[in-house]
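Chemist: Okay, handing you the structure first.
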Amino acid sequence: MNLTSPTDTLVCDTAQLARWQSDPAYNYNRELIAPEINLFEWINRQFGEFLREIFGSRFADEYSELILVCIAVVILLLVSWFVYKKRPELFMRSGKRTLPYTVEEDTIYGVDFPEGINEALSQRNCREAVRLLYLQTLKQLSDAGRIEWQPYKTPTQYLYEVRLPAFRQLTNHFLQVRYGNFEATEELFRTMRALQEEIEEGGVS
């Protein structure tokens, strides 16, 4: 008796197999592979979907990246403006010449300001006259209780204590001369003297 095995009727359908392999629904390996996350692409995709809901797909596809770049530029400008308001001396020109005074000399105590200013002007040392005038203003503000003077504080910090436009202008002139190497002239000194008088009228004395 001859026993014959049945014919193998299983045939691999390569076409169907190819369709399954190309179908993302059967791509189980994707859960095992960590996707490479591109932050900009993710933000762009989310922002694009937001624009599509409002303006439609055509507008979003054409302008989403451009709008994102503009927003990034605006944010950068705002940050720069904020830093400038906090530390304006960082944006001043750095002079190569040695200043005729040091930080340690900037004190408001034990100084005869009127005599020092007159002596500086008689010697045509307007830079020193500007420095003394500004320190004299700080002395007046401190005596009036408008600021809490400390040797380590910067001129910019005092702007938050005295919110007067005249004091802001006076401080800007001082910073330009001291850190920006701007020329100190008699005209600038007279301008600062007028600002000092305006500050005094604003409640210093």
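The values are calculated or read from the model by the stated rules, or taken from the named source; none is laboratory data. Worth saying up front: this structure is predicted, and the values here are computed from it rather than measured. Here Cβ is always computed from backbone atoms with ideal geometry, including for glycine, and neighbour counts include all displayed protein chains. We work out accessible area using only protein heavy atoms, side chains counted, and drop any ligands, DNA or RNA first. Shrake-Rupley method; radii C 1.70, N 1.55, O 1.52, S 1.80 Å.
Chemist: Working only within region 155-205, note down all residues that are hydrophobic (A, V, I, L, M, F, W, C) and more than 27 Å from residue 123 (Cβ to Cβ).
Modeler: Listed by number, the residues that qualify are 159, 162, 164, 166, 167, 204.
Chemist: Let me ask something else. I'd like to know if region 122-145 contains one or more residues that are closer than 22 Å to residue 84 by Cα and either in a loop (DSSP other than H, G, I, E, B) or open to solvent by 60 Å² or more (accessible area, probe 1.4 Å) (or both).
Modeler: No, the conditions are met nowhere in region 122-145.
Chemist: Is there any pair with a first residue in region 179-205 that is more than 22 Å from residue 161 (Cα to Cα) and a second that is loosely packed, with under 14 Cβ neighbours inside 10 Å and at pLDDT below 95 whose Cβ atoms are under 6 Å apart and which are 6 or more apart or on different chains, and what are they?
Modeler: So the pair list comes out as 180/93; 181/93; 181/95.
Chemist: Can you tell me how many residues within region 49-67 are open to solvent by less than 80 Å² (accessible area, probe 1.4 Å) and modelled with pLDDT under 70?
Modeler: 6
Chemist: If residue 180 satisfies all but one of (1) within 17 Å of residue 84 (Cα to Cα); (2) part of a helix (DSSP H, G or I); (3) open to solvent by less than 60 Å² (accessible area, probe 1.4 Å), what's the number of the condition it fails?
Modeler: Among (1) within 17 Å of residue 84 (Cα to Cα); (2) part of a helix (DSSP H, G or I); (3) open to solvent by less than 60 Å² (accessible area, probe 1.4 Å), the lone unmet condition for residue 180 is (2).
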